[in-house]
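As structure tokens, the structure follows; a few thoughts come after it.
The values are calculated or read from the model by the stated rules, or taken from the named source; none is laboratory data. Here the structure is a predicted model, which is why all the values come from computation and not from measurement. Heads up, the Cβs are rebuilt from the backbone with ideal geometry, glycines too, and the neighbour counts pull from every protein chain shown.
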Amino acid sequence: MPSFEVREAVERSNAGVLGFLLQGVDLEAMPRRADERLAEALAPVRIKLDMLIEMLGRLSYRDIELPPLCEVELNPNQIVWRSPQPRQPGDWLRIALYFHPTFREPVIVFAKVASCVEHGPGQGCRIEADLIEMAENTGENLARLALLTQRHQPTRQPVRTIAKRET
């Protein structure tokens, strides 16, 4: 199990990452007036700003490779995914969840493997892990971000939540 100091440091980091990501989601969801002429006039500026932000993000995170995509089921108390390698029940895991392809700061969760069910040779395992309790505000923000990310996936480019499993 992670120490109290490690959990505190991760909690502070998660609060900052979740706040930043949720701020972006909230800004996208804000109602906008339907002034078509103004929107049309500002479109080139917005495109250039988006390009600059993308370039800055790539410069800032150029050494950080995202792990391969992994579909994750996430609820307030548990995380479930398929893995090519089995894990033993009782193993502690440090899991990094990436929600944005440009802002490559993960949300870190700690979990204890509850079960590992093998699906046959070459098909991997279904791993269920119980999440360690986190601060109420952080847990609520994580749940909100996961829900909003899932809700917006069909309307955006195919960006899925990515999880990197670490022991």
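Numbers at a glance
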item: Contacts under 8 angstrom Cβ, first residue in segment 47-58 being touching a residue at least 12 places away in the same chain (Cβ under 8 Å) and part of a helix (DSSP H, G or I), partner surrounded by 11 or more Cβ atoms within 10 Å (Cβ to Cβ) and of a type outside the set (Phe, Trp, Tyr), 6 or more apart; result: ILE53/THR102; GLU54/THR102; GLY57/THR102; GLY57/ARG104; ARG58/THR102
item: Leading residue by the ranking (surrounded by the fewest Cβ atoms within 10 Å (Cβ to Cβ)) among those in segment 50-95 that are of a type in the set (D, E, K, R) and within 27 Å of CYS125 (Cβ to Cβ); result: GLU65
item: Scope segment 60-96; condition part of a loop (DSSP other than H, G, I, E, B), free of Cβ contacts under 8 Å to residues at least 24 places away in the same chain and not basic (Lys, Arg); matching residues; result: ASP63, GLU65, GLY90
item: LEU145 part of a strand (DSSP E or B), in contact (Cβ under 8 Å) with a residue 40 or more places away in the chain and touching a helix residue (DSSP H, G or I) at 6+ places or on another chain (Cβ under 6 Å); result: no
item: Considering residues of segment 124-142 that are assigned to a helix (DSSP H, G or I) and free of Cβ contacts under 8 Å to residues at least 40 places away in the same chain only, the residue surrounded by the most Cβ atoms within 10 Å (Cβ to Cβ); result: GLU140
item: Within segment 97-123, tally of residues that are among the polar types (S, T, N, Q) and part of a loop (DSSP other than H, G, I, E, B); result: 2
item: Members of segment 100-126 found to be farther than 30 Å from GLU54 by Cβ and under 18 Å from the mean Cα position of the chain (by Cα), listed by number; result: PHE110, ALA111
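Every residue, every condition in (1) at pLDDT 85 or above; (2) within 14 Å of the chain's Cα centre (by Cα); (3) of a type outside the set (Phe, Trp, Tyr), yes or no:
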position	(1), (2), (3)
GLU5	yes, no, yes
LEU21	no, yes, yes
ARG37	no, no, yes
GLU40	no, no, yes
ASN77	yes, no, yes
